[in-house]
Amino acid sequence: MISKERMTQHLMDLIRIDSPSKIEKNVALKLEDEMKELGAECIIDNVGNKIDGNVGNLIVKVKGNTDAPTFFLSSHMDTVAPGLGIQPRIDDGIMRSDGTTILGGDDKSGVSIIVEVIRTLKEQNIPHGDIEVAFTICEEIGLLGAKYIDISLFKSKYGIVLDSSTPKKLVLKCPTSDVAVFKIHGLEAHAGLCPENGINSIKIASEAISNMKIGRIDHETTSNIGVITGGVATNIIPNFVMVKGEARSHNNEKLDKEIEHMCKCFNDAAKKYSVTLEGETIKPTVEIEVERVYEKMDVSSEAYITRMVDTAVKNLGHEIEHQTSGGGCDANYFNNMGIECVNLGTGMYELHTVNEYVIMDEFYRSADIVLETIQLNTA
Ligand SMILES: [Zn+2]
């Protein structure tokens, strides 16, 4: 019932509009026009101002023609780098960029699926309840659009976020994520004249990291050290190093434990050093900031929305597996704000690389699943 040609064209058009995080305005305005043409109410919220972007989240309310429960849909409008001047092309049922940029199927495939589903419902006068859509900004830089969205604007209790790889998988679980910044303050000294008067913060950081257990900690926990900066010149004992890391887990206790372990490695390494200058003992210090970026999502296999999507997939003659993801998505926030959301794949692969591609058949299948789920919600 969906139009494959139309949704393909929509996706190509959307991909050709640049929309790096914080600069999603042109995409938002195109979608606003399209949704208004279909008779939907559109709101652009003020989250853009709050985070210094050029547009807010686009919130769309499509009036139903039955009194079925309100259904929620969401995809994000922003893309990662390198994502300017993208030239999409399709060969053998696969959409790719020209190899110099990402494709931006993440997450414009999700956006086009939502638009096509709403067009189909309206055009073919298919019975449905009210539909609420959040086209979000800045997902790629910390789920900021979803984080600051005013959830009181929505009455939906459940729905689908379209922002994962394949419609053969339904993501139900995503981890809680913490980011940690470690600042080590040592003591500057001339490396040739008086090295005994300095405290080398790079050495402390090295010891801390080499004693740290990072990577895959257990089946539900991971951690990483991703950024290190510090030092000025080879002849100066460096008095400052900053290290940034993260940890994620589907179990918050395990996450706390891993963060504690990372902090302890820095504190223990620092404790081993001190210098005494003119009778005064100087010790290095470690400043640590830990921020919870988002809370986990954990939708049950038995949840109403999960069972509806499962049934929709079965009705269409396909199969779907429930999946636990190692990454977060806007659905982390929506679930914690009271809208129970599963994350359905759209057919996109090798995300965040110049090799990104979309398998068109999976892209169409994902739209079919969403349309069928909305019809089940109406039945
Ligand atoms: Zn995405």
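The values are calculated or read from the model by the stated rules, or taken from the named source; none is laboratory data. The structure displayed is predicted, hence computed values, not measured ones. Neighbour counts run over all protein chains shown; Cβ positions are idealised from the backbone, glycine included. Just the protein is used for accessible areas: all its heavy atoms, side chains included, with ligands, DNA and RNA removed. Shrake-Rupley method; radii C 1.70, N 1.55, O 1.52, S 1.80 Å.
Would you check if I59 is assigned to a strand (DSSP E or B) and surrounded by fewer than 18 Cβ atoms within 10 Å (Cβ to Cβ)? For I59, the condition - assigned to a strand (DSSP E or B) and surrounded by fewer than 18 Cβ atoms within 10 Å (Cβ to Cβ) - is not met. A single entry from D98, D106, D92, D67 fulfils the requirement of being within 13 Å of the ligand (Cβ to nearest atom) and farther than 19 Å from C42 by Cβ: D106.
Within the stretch 119-134, restricting attention to residues that are of a type in the set (A, V, I, L, M, F, W, C) and either assigned to a strand (DSSP E or B) or surrounded by 24 or more Cβ atoms within 10 Å (Cβ to Cβ) (or both), which residue is nearest to the ligand (Cβ to nearest atom)? My answer is A134. Scanning the stretch 305-346 for residues that are open to solvent by less than 10 Å² (accessible area, probe 1.4 Å) and more than 13 Å from the ligand (Cβ to nearest atom) turns up I305, T306, V309, A312, V313, F334, I339, C341, V342. Please determine whether any residue of the stretch 105-114 is closer than 22 Å to S152 by Cα and modelled with pLDDT of 95 or more. Yes, the stretch 105-114 contains at least one residue that is closer than 22 Å to S152 by Cα and modelled with pLDDT of 95 or more.
Within the stretch 336-363, residues that are small (G, A, S) have Cβ atoms under 8 Å from residues that are assigned to a loop (DSSP other than H, G, I, E, B) and crowded, with 19+ Cβ neighbours inside 10 Å in these pairs: G345/S165; G345/T166; G345/P167; G347/S165; G347/T166; G347/P167, counting only partners at least 6 apart in sequence or on another chain.
Annotation: T79 fulfils all but one of (1) under 27 Å from N46 (Cα atoms); (2) away from the ligand (no atom under 16 Å from the Cβ); the unmet one is (2). Among the listed residues A180, A233, A205, A247, which satisfies the condition of being aliphatic (A, V, I, L, M), open to solvent by less than 40 Å² (accessible area, probe 1.4 Å), more than 22 Å from the chain's Cα centre (by Cα) and at pLDDT 95 or above? Step by step, each of A180, A233, A205, A247 is checked, and only A205 is aliphatic (A, V, I, L, M), open to solvent by less than 40 Å² (accessible area, probe 1.4 Å), more than 22 Å from the chain's Cα centre (by Cα) and at pLDDT 95 or above.
I want to confirm something. Restricting to the stretch 142-162 and keeping residues that are open to solvent by less than 20 Å² (accessible area, probe 1.4 Å) and outside any loop (DSSP other than H, G, I, E, B), which single residue is farthest from the ligand (Cβ to nearest atom)? My answer is G159. In the condition set (1) more than 16 Å from the chain's Cα centre (by Cα); (2) buried (at least 19 other Cβ atoms within 10 Å of the Cβ), I282 is compliant with all but (2).
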